[in-house]
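What follows is one structure encoded as structure tokens, with my remarks underneath.
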Amino acid sequence: MYGKNSKNNMKIKRYNSIGKEEIAAAKKVLKSGILSDFVGSKSKKFLGGHFVQKFENKIQKYFKVKYAVTTNSWTSGLITALGALKIKPGDEVICTPWTMSACAISILHWNAIPVFVDIDKKTFNFNLENLKKKITKKTKVILAVDIFGQSENINEIRKIIKNKKIHILSDSAQAIGSKYKNKFSGTFADIGGYSLNSHKHINTGEGGIIVTNQKDLAERCRLIRNHAESVTKSNSKKELINLIGYNFRLGEIESAIGIEQLKKLNKIIKFRKKLAFTIINKIKNLPGLQTPVLKKNFTHSFYVIPFVLDLSKLKHNRKNIIQILSKAGVVGLNEGYQNLHRLPIFKKKIAYGPNGFPWNNFNKKITYKKGDCKVAEELQDKSFFYLSLCSYDFKIEHMKKFANIINKKWKNIQKKN
Ligand SMILES: Cc1ncc(COP(=O)(O)O)c(C=O)c1O
């Protein structure tokens, strides 16, 4: 049993997208005895084994991109992508505080400086006015996160950075399969990518996918993934900075599983949307409750269903509301999300020892404190909660039941006029 609905004792299992196809695919690799076929030197095997290359081909076709480079996580994918974009120590990378920590850590990894921009309360995307103000001569990359399953406004960001030498990196870890005008999230930026960790829509246990349409970026990503330093030659005409290489390679079993998972992605996204809209449509008019706001021409892949409370219209605070609803039988509610700028690593600048590196060496002016991103802070402290669709094997019946409970309980949660 995974989630327990206390009122009706309904047992809800953990979300699981793995079936007999993946088991057969993994067995095939195991029987071959070749669990990885990469070699970290210039050779035919530099690009990986049969299943890695087959998976990357399938990804290219599915997402309609020229190049796909798999990695052993999306955290390593982010590090790889930022390295490929040639950020240097002290460069500024704009990021949201409302995301998973790997986004900011991948920036710090290259000794670059994360600059946090506040978000929009309805979409949780960047507040574009705030973004404009944070761009400086040192800004090299905007890391745009497609949080919860809806893409950032990449075209709007492009307009803002027109004529500036700034790259866009899309983190679509949570938004695989969602679209803007029929094109996949993650494919509009210079580099984009997806996570294949165990709670994502499709998974290979751990894994990541980098996508790009630019050949030189794909080449640099492949190098960083696989011990670049021993492959690159000093007489190369290309700029060779940031080519410290790693072992960020995806295995053959994971790749074989990924091929099967990709075949299921359409169906998974369709069902996820059906789950989400079943509950949203039944509760969207409740006073004091903001249900997901979809931007025009964007689709949502609902990694989770985000909600925001208007506490001025409600009798209870967030903690009590979640308690009331959970006790009555709603499974998977969580309060708050993330405020990266308030984590000790940033506030105290202790990412690399106690001496404030890299900030004190390159960019002392940048500080992190409460009050920097007021919308994200209010959401975190008071008004945001979500239903964790990515965690449970929810059925349509669950969504109907939860909507009924919420509607019934809301009568005592909302303030009477
Ligand atoms: C927005 C976002 N970025 C990055 C990551 C890191 O991905 P991974 O767990 O594959 O390293 C996650 C993982 O949850 C994520 O949600």
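Test residue 56 against the criterion of being surrounded by fewer than 20 Cβ atoms within 10 Å (Cβ to Cβ) and either part of a loop (DSSP other than H, G, I, E, B) or at pLDDT 95 or above (or both), and give yes or no.
Judged against the criteria, residue 56 is not a match.
I'd like to know if the range 238-257 contains one or more residues that are of a type in the set (Val, Ile, Thr), without any contact (Cβ under 8 Å) to a residue 60 or more places away in the chain and assigned by TED's automatic domain parsing to the domain that holds residue 69. Don't jump to the end; show me each part of the working.
So in the range 238-257, the residues of a type in the set (Val, Ile, Thr) come out as 241, 244, 253, 257.
Keeping just the survivors that are without any contact (Cβ under 8 Å) to a residue 60 or more places away in the chain gives none.
Looking through the range 238-257, none of the residues is of a type in the set (Val, Ile, Thr), without any contact (Cβ under 8 Å) to a residue 60 or more places away in the chain and assigned by TED's automatic domain parsing to the domain that holds residue 69.
Sort through 218, 175 and tell me the only one that's closer than 26 Å to residue 299 by Cα, in the same structural domain as residue 78 (by TED's automatic domain parsing) and either part of a helix (DSSP H, G or I) or hydrophobic (A, V, I, L, M, F, W, C) (or both).
175
Taking the range 221-244, which residues are in a helix (DSSP H, G or I) and closer than 30 Å to residue 21 by Cβ?
Answer for the range 221-244, where residues must be in a helix (DSSP H, G or I) and closer than 30 Å to residue 21 by Cβ: 221, 222, 225.
If residue 41 satisfies every condition in (1) modelled with pLDDT of 95 or more; (2) assigned to a loop (DSSP other than H, G, I, E, B) but one, which is the exception?
Just one mismatch for residue 41, condition (1).
Within the range 179-213, track down each residue that is surrounded by fewer than 18 Cβ atoms within 10 Å (Cβ to Cβ), more than 15 Å from the ligand (Cβ to nearest atom) and in a loop (DSSP other than H, G, I, E, B).
Selection gives 181, 182, 213.
Among residues belonging to the range 214-228 that are touching a strand residue (DSSP E or B) at 6+ places or on another chain (Cβ under 8 Å) and not hydrophobic (A, V, I, L, M, F, W, C), point out the one that is farthest from the ligand (Cβ to nearest atom).
So the residue we want is 215.
Might you check whether a residue that is more than 17 Å from residue 22 (Cβ to Cβ), touching a Lys or Arg at 6+ places or on another chain (Cβ under 7 Å) and aromatic (Phe, Trp, Tyr) occurs anywhere in the range 191-200?
no
Taking interchain pairs and intrachain pairs at least six residues apart, which have beta carbon atoms under 9 angstrom, with the first residue in the range 157-171 and in a loop (DSSP other than H, G, I, E, B) and the second within 16 Å of the ligand (Cβ to nearest atom)?
161/142; 161/168; 166/94; 166/141; 166/142
I need the full set of residues from the range 194-218 which are over 18 Å from residue 260 (Cβ atoms) and in contact with an Asp or Glu (Cβ under 7 Å, 6 or more places away or on another chain), in order please.
Passing the criteria: 212, 214, 217.
Quick check on the range 70-91: of everything there that is within 14 Å of the ligand (Cβ to nearest atom) and among the aliphatic types (A, V, I, L, M), which residue is nearest to residue 338 (Cα to Cα)?
78
If the requirement is being within 16 Å of the chain's Cα centre (by Cα), more than 12 Å from the ligand (Cβ to nearest atom), in the same structural domain as residue 96 (by TED's automatic domain parsing) and more than 13 Å from residue 63 (Cβ to Cβ), which of these qualifies: 168, 160?
Criteria check complete, one pass: 168.
From the set of residues in the range 92-126 that are within 10 Å of the ligand (Cβ to nearest atom) and in a loop (DSSP other than H, G, I, E, B), which is surrounded by the fewest Cβ atoms within 10 Å (Cβ to Cβ)?
Residue satisfying both the conditions and the ranking: 101.
Exactly one of (1) within 12 Å of the chain's Cα centre (by Cα); (2) closer than 13 Å to residue 84 by Cα is unmet by residue 174. Its number?
(2)
How many residues does the range 21-38 hold that are assigned to a helix (DSSP H, G or I) and farther than 24 Å from residue 265 by Cα?
Number of matching residues: 3.
Considering each of 68, 81 in turn, give the residue that is part of a helix (DSSP H, G or I), at pLDDT 95 or above and of a type in the set (Gly, Ala, Ser).
Just a single option satisfies the conditions, and that option is 81.
So, in the range 291-322, exactly how many residues are farther than 24 Å from residue 199 by Cβ and of a type in the set (S, T, N, Q)?
Qualifying residue count, the range 291-322: 4.
The values are calculated or read from the model by the stated rules, or taken from the named source; none is laboratory data. Just so we're clear, the structure is a prediction, and the values are computed from it rather than from any experiment. Heads up, the Cβs are rebuilt from the backbone with ideal geometry, glycines too, and the neighbour counts pull from every protein chain shown.
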